[in-house]
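The values are calculated or read from the model by the stated rules, or taken from the named source; none is laboratory data. What you are looking at is a predicted structure, and each value in this text was computed from that prediction instead of being measured. Cβ placement follows ideal geometry from the backbone for every residue including glycine, while neighbour counts extend to all protein chains displayed.
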Amino acid sequence: MRQLVNWKDHVVEYPGRFEETDLGNGLVQLKASPGRVKQQGTPQNGTNFNIMDLAALEAMLMASENNRKLLMVENTLKGIVGEKIQVTLTNTQLYPHNNSKKTVQLLTKRNNMDYTVECEVVSVSGGSVGEFEFSDKLLNGFKVAFTGSAKSVVVNCYVRGGI
């Protein structure tokens, strides 16, 4: 742990007062003549300034680390909360055949394919839904289909993880 410098102003009886000595040829030499020193100021030297530099660097590094951790938490929360995509699946074939497979584009591209997809039926027409099948998972999308006899199924797909 570093010691604080505890900077002090240099306080004198006559600040800004100088003695003038004529050197000839229009030249003068000025010499500080502050009178009595009321308070000795903190020396402005490399040691004291380096302490400030190190403290600023340390603060910047801590802020960067905190920012990194916040981004990690944000990505974790995005993975938990996920996204909801509504999809309408249609089938034009007679049961047991089904051509309802549809490509779904993710709203947020994933960093990996370790994400889950769950479906919630919103509405069904012309038969039953059966099961949902997910295939061809990629970073930017997946395919979904149902196995039942319905002609049209509207589903909410909830995608979590992969971020």
Exercise for the section: With respect to T47, determine if the residue is surrounded by fewer than 10 Cβ atoms within 10 Å (Cβ to Cβ) and in a helix (DSSP H, G or I). Expected result: yes
Handout entry: Unique residue being in contact with a strand residue (DSSP E or B) (Cβ under 8 Å, 6 or more places away or on another chain) and either without any contact (Cβ under 8 Å) to a residue 12 or more places away in the chain or within 30 Å of G16 (Cα to Cα) (or both) when the list is G130, G41
Key = G41
Fill in the blank from the handout: In the set R36, R110, the lone residue that is surrounded by 12 or more Cβ atoms within 10 Å (Cβ to Cβ) and in contact (Cβ under 8 Å) with a residue 24 or more places away in the chain is R110
Exercise for the section: Out of Q3, Q29, report the one residue that is in a loop (DSSP other than H, G, I, E, B) and not hydroxyl-bearing (S, T, Y). Expected result: Q3
Problem - Looking only at the stretch 66-116, and only at residues there that are over 30 Å from S149 (Cα atoms) and of a type in the set (S, T, Y), the one that is modelled with the lowest pLDDT - result: T76
Exercise for the section: Please state which one of L71, L89 is of a type outside the set (S, T, N, Q), assigned by TED's automatic domain parsing to the domain that holds F132, farther than 27 Å from W7 by Cβ and surrounded by 10 or more Cβ atoms within 10 Å (Cβ to Cβ). Expected result: L89
Completion exercise
Screening V124, V104, V117, V129 for residues that are touching a Gly at 6+ places or on another chain (Cβ under 9 Å), of a type in the set (A, V, I, L, M) and under 30 Å from M72 (Cβ atoms) leaves only V104
